[in-house]
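Written out below as structure tokens is the structure these notes cover.
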Ligand SMILES: [Fe+2]
């Protein structure tokens, strides 16, 4: 024991130092893969992108997967997927000039299955993490929804800790739909790096990661950096719209309010809603609100809202306004409890909150509005969709239920 104790202490110190180097705000040149995130776009039952960052040269690296942690540790029954994309991030930042992105698209997964994984670049492995694939059946599950995490870093970190607490308490929460405006200047690599570091706070103590379903906001700009962070969601550079079949009965369509909202994008929305006409729970997310709590409606209103109404969208997840709001069910420009769409939002993950214009007709009871940082829990079950707004201290700010039709 007298010999082993110093070795044990040295090993413990090494572990502590290694963990400390991964805290947000640590130097960007710490060795090893960093800022590991999982991204869902199409087919989250079978497919996910694992993305990470390094400063270790042009080794693209790889992901190792297993169905349990011991298998991953022992190297038995593991699968290796090489990163398909790797390059230097486009943004300029003196201290991060060699920071690289790595993207590994993983296919062939099974639904409702917990995937244990780690990433390796330059012979250095990340910590072991895990996430659960989306269900293919009608079992209950939930997602988090929120946006606008750009300006107040301390509040962003506090909200991320709240997201972590929710993920820890709620294993049914599978993913995190971010509504855009991650940072102030989407062309600034330093700001993205800080956001990605802060995003690690959402990961639970036992390594559970919430896959991100990303939305482009106006502060992301049109440059390539967004697509390098999120692995070009939707496939085409700077388009970033796609459909995510979250479960047998749930479709989430992510739209991009920061580019042309008619033309190809409107056609995509119409075709996707048509193709999924029989899916009972159709949701959309996009950045600029169509029924805002404080601003004027986004230009997408005339192009998208008629399709939401025509095809029975039930819930629209909006951001950008920096208020908490839930509208009455809306069809056209009137309340319609039977056929209306509820618009939830709108951006409270780390930006100063505004005072909503609470007298607007669509914010009247049973709708609501207030000024509060928040994240929405959107839970799907046999009784419909239960939505719940949670504040930074865990307080319940609002709750409502959207019944089946
Ligand atoms: Fe915005």
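Overview of values
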quantity	calculated
The stretch 166-183, subset out of contact with any helix residue (DSSP H, G or I) (no Cβ under 6 Å at 6 or more places or on another chain) and within 16 Å of the ligand (Cβ to nearest atom), residue nearest to residue 283 (Cα to Cα)	177
Residue list for the stretch 261-280, filter: closer than 17 Å to residue 41 by Cα and in a loop (DSSP other than H, G, I, E, B)	276
So residue 238, is it over 30 Å from residue 69 (Cα atoms) and within 15 Å of the chain's Cα centre (by Cα)	no
Tabulated pairs, the stretch 137-148, first not assigned by TED's automatic domain parsing to the domain that holds residue 245, second at pLDDT below 95 and within 16 Å of the ligand (Cβ to nearest atom), C-beta under 7 angstrom, 6+ apart or interchain	none
Counted residues, the stretch 48-59 - those being surrounded by fewer than 17 Cβ atoms within 10 Å (Cβ to Cβ) and within 25 Å of the chain's Cα centre (by Cα)	0
Residue identified as within 16 Å of the ligand (Cβ to nearest atom) and in contact with a strand residue (DSSP E or B) (Cβ under 7 Å, 6 or more places away or on another chain) among 145, 149	145
Index of the failed condition, residue 196 passing every other in (1) touching a residue at least 40 places away in the same chain (Cβ under 8 Å); (2) surrounded by fewer than 24 Cβ atoms within 10 Å (Cβ to Cβ); (3) within 17 Å of the chain's Cα centre (by Cα); (4) closer than 24 Å to residue 309 by Cα	(4)
Test: residue in the stretch 38-51 that is in the same structural domain as residue 122 (by TED's automatic domain parsing), assigned to a loop (DSSP other than H, G, I, E, B), at pLDDT 95 or above and farther than 26 Å from residue 177 by Cβ	no
Residue 318 vs. criteria farther than 29 Å from residue 160 by Cβ and touching a strand residue (DSSP E or B) at 6+ places or on another chain (Cβ under 9 Å)	no
Scan of the stretch 250-263 for residues that are surrounded by fewer than 17 Cβ atoms within 10 Å (Cβ to Cβ) and in contact (Cβ under 8 Å) with a residue 24 or more places away in the chain, ordered by number	259, 262
Filter pass, residue 156 being within 16 Å of the ligand (Cβ to nearest atom) and outside any loop (DSSP other than H, G, I, E, B)	yes
Members of the stretch 213-227 found to be away from the ligand (no atom under 13 Å from the Cβ), touching a residue at least 40 places away in the same chain (Cβ under 8 Å) and surrounded by fewer than 24 Cβ atoms within 10 Å (Cβ to Cβ), listed by number	223, 224, 225
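Okay, residues lined up against (1) in contact with a helix residue (DSSP H, G or I) (Cβ under 9 Å, 6 or more places away or on another chain); (2) part of a strand (DSSP E or B); (3) loosely packed, with under 13 Cβ neighbours inside 10 Å:
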{"site": "65", "(1), (2), (3)": "yes, yes, no"}
{"site": "70", "(1), (2), (3)": "no, no, yes"}
{"site": "87", "(1), (2), (3)": "yes, yes, no"}
{"site": "101", "(1), (2), (3)": "yes, yes, no"}
{"site": "105", "(1), (2), (3)": "no, yes, no"}
{"site": "109", "(1), (2), (3)": "no, no, no"}
{"site": "112", "(1), (2), (3)": "no, no, no"}
{"site": "120", "(1), (2), (3)": "no, yes, no"}
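The values are calculated or read from the model by the stated rules, or taken from the named source; none is laboratory data. The structure presented is a predicted model; accordingly, all values stated were derived computationally and were not measured. Reconstructed Cβ throughout: ideal geometry from the backbone, glycine too, with neighbour counts over all protein chains shown.
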